[in-house]
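First the structure, in the form of structure tokens, and then the observations on it.
The values are calculated or read from the model by the stated rules, or taken from the named source; none is laboratory data. In this text, all values refer to a predicted model and were calculated from it rather than measured experimentally. Positions of Cβ are backbone-derived with ideal geometry, glycine not excepted, and every protein chain shown enters the neighbour counts. Surface accessibility is based on the protein's heavy atoms, side chains included, excluding ligands, DNA and RNA. Shrake-Rupley method; radii C 1.70, N 1.55, O 1.52, S 1.80 Å.
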Amino acid sequence: MKARAVGSGPSLHAIRFVSWIRALRFAPFFALPLAACTARGEPADVLVLGGSVLDGSGSDAMAADVAVTGDRIRFLGDAASAGITARDTINARGLVVAPGFIDMHSHAELDTGHGRDARAFLFQGITTVALGLDGGGSAHVADRLAKWTEDGIGVNSFLSVGHNWVRRQVMGMANRAPTEAELDEMRALVRRGMEEGAYGFSSGLFYLPGNYAETGEVIELNRVAAEYPGAIYDTHDRDLGAAYPSFGYLKSIEEGIRIGEEAGTKVIFSHFNAQGAHNYGRAPEGAALIEAARARGVEVAGAHHSYTATQSNLRSYTIPSWFVAGGDTAMLRRFDDPDTVQAIDRQTLEMLTIRGGADRLLFADRRPELNGRTLQEVADDLGMEPSAAARHILREGNAAVMNLGLYDVENVRHLAQLDWMMTCTDGRDPGPTRPITHPRAFGSFSKKIRDLVLDEGLITLPFAVRSMTGLAADFLEWPERGYLREGYFADIVVLRLDAVRDMATYEDPHQYSEGTVHVIVNGSFAIRDGEATMALAGRALVRGGAAFGAGGSAEAGAP
């Protein structure tokens, strides 16, 4: 069943009819007539010839041609035998042809001038990104989808409605449980986001104000999302291993599973890994909890990237949550109280110890006096202890910061081999105002292929591509994306495998990945012959995989 955006869009009966027609139009038994129609003489728009095709299922590559007409794959097979011709032909001999990659946890800045075309992502082969995560997604889903549809975006994108955003709207930065009336207000906001096409409910329980919430509150709000078929609980869980005070790495995973299991949604753990040197080698313990949940029937998965640094904000890494209760004004007032400052200093030092010290926090902030320098370097220049330097910086506003070496390479390698682990960037291209930023926005997918497939041989290419395509599409319940199949949307990446490599580094992050020869988004070239076309062919997607409808309609699934 389909639902419409509040106050607009077609009737429920009309949407049901459209959905039925769409299902028929692209049912598998229609693939042969479509191909036959092309073979009878009408040329396809694009024909990708002679590539080594990975369909996204994890199966071995096959030699095949791919024909595209409009925004759909119209033929997959031997074009010559079928009499397929095209107006535009691409020679893919010696190249790998795969479905466009799906970034399951992204912060792509599609709403900005510098980020709308999504080149940092496209050059990795990414054609779809998930946004509204870490609890930050607004309930005004239709507004954002409509803006993307009007202005154009370089990749497909879909949204979640976020717990932190919802809680802040209703309760501000209050460190307490909600009243029943407040909980009802939050439920209404979650419902609005779901009605307007959100894929699910996201949380950032490590962040504020989400960290102030008890588990039961999050379950109650996730129950609203669960009213909508296919809904997902996407969580940056409370403690990946470096929270202060420790909630517990394993306890945090158990909490995330419980929130989805009791509410009745699927669960995905954002950038799943174990943080901190004290948790090096412990990823298998966390993974075992997820596998136990899957064994009892809970649909739970994760996504990760191959970097060992995180990126977040200075306040979350250096100031305990109770000193921020009430918001920035209250926090700054506490900074001015000598007795409180002593407690802050002591606890900030403990937080920094967990994170490897002040020299492991590297600023990725837009302020040039901070960008590219560590907290220790800034503190030394100011003649302050790192805790005092952190407070000094926060008086002028929060700051973006990376935590170097927080993840363990062996944990990353273990998780990459799990058949429920998807791939993400967790990244944003912040534009030229931040010369130093996390390289993951520019290199995550390419790095996974280069390091773990080509250099180490840890996983096979079909397995890696599945983690980037079909696995995510199945989790999202997309009937027409994520695979190379006749009738599916033409999101396609063509790679020169031996040239695939991530070029972005921590010292010089603004470098696009190499080895991506062509990228097609909804049938249009976004990259051709290694050059960006600047096409904005991406679509704003509502739950179920359909594009946001004309007139602001969100043709999303409803109960």
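Leaving out ligands and nucleic acids, and using a 1.4 Å probe, what accessible area per residue does the stretch 417-559 come to in Å²? Present the calculation step by step, with values, prior to reporting the outcome.
Working: 4570 Å² over 143 residues.
For the stretch 417-559, the per-residue accessible area is 32 Å².
Apolar share of the accessible surface for the stretch 43-193: 48 percent from carbon plus sulfur atoms, 1.4 Å probe.
Surface composition of the stretch 358-409: carbon and sulfur make up 46 percent of the accessible area, probe 1.4 Å. The dipole here belongs to the chain: it is taken about the Cα centre, uses +1 on the Cβ of Lys and Arg and -1 on the Cβ of Asp and Glu, and is about 1060 debye. The H on the amide N of residue 232, modeled in the peptide plane, is under 5 Å from the matching H of 200, 201, each at least 5 residues off or on a different chain. Note the listed values (1) 24.4; (2) 31.0; (3) 29.3, then indicate which one is mean projected area of the Cα convex hull in nm² calculated from this particular structure. Identified label for the calculated read-out: (1).
The figure for residue 392 is an accessible area of roughly 90 square angstrom, using a 1.4 Å probe on the protein chains alone. Among the lysines of the chain, pairs at least eight places apart or on separate chains and with Cα atoms under 29 Å apart come to 7.
Residues whose amide H lies under 5 Å from that of residue 64, counting only those 5 or more places away or on a different chain, are 50, 51, 53; hydrogens are built 1.01 Å from N in the peptide plane.
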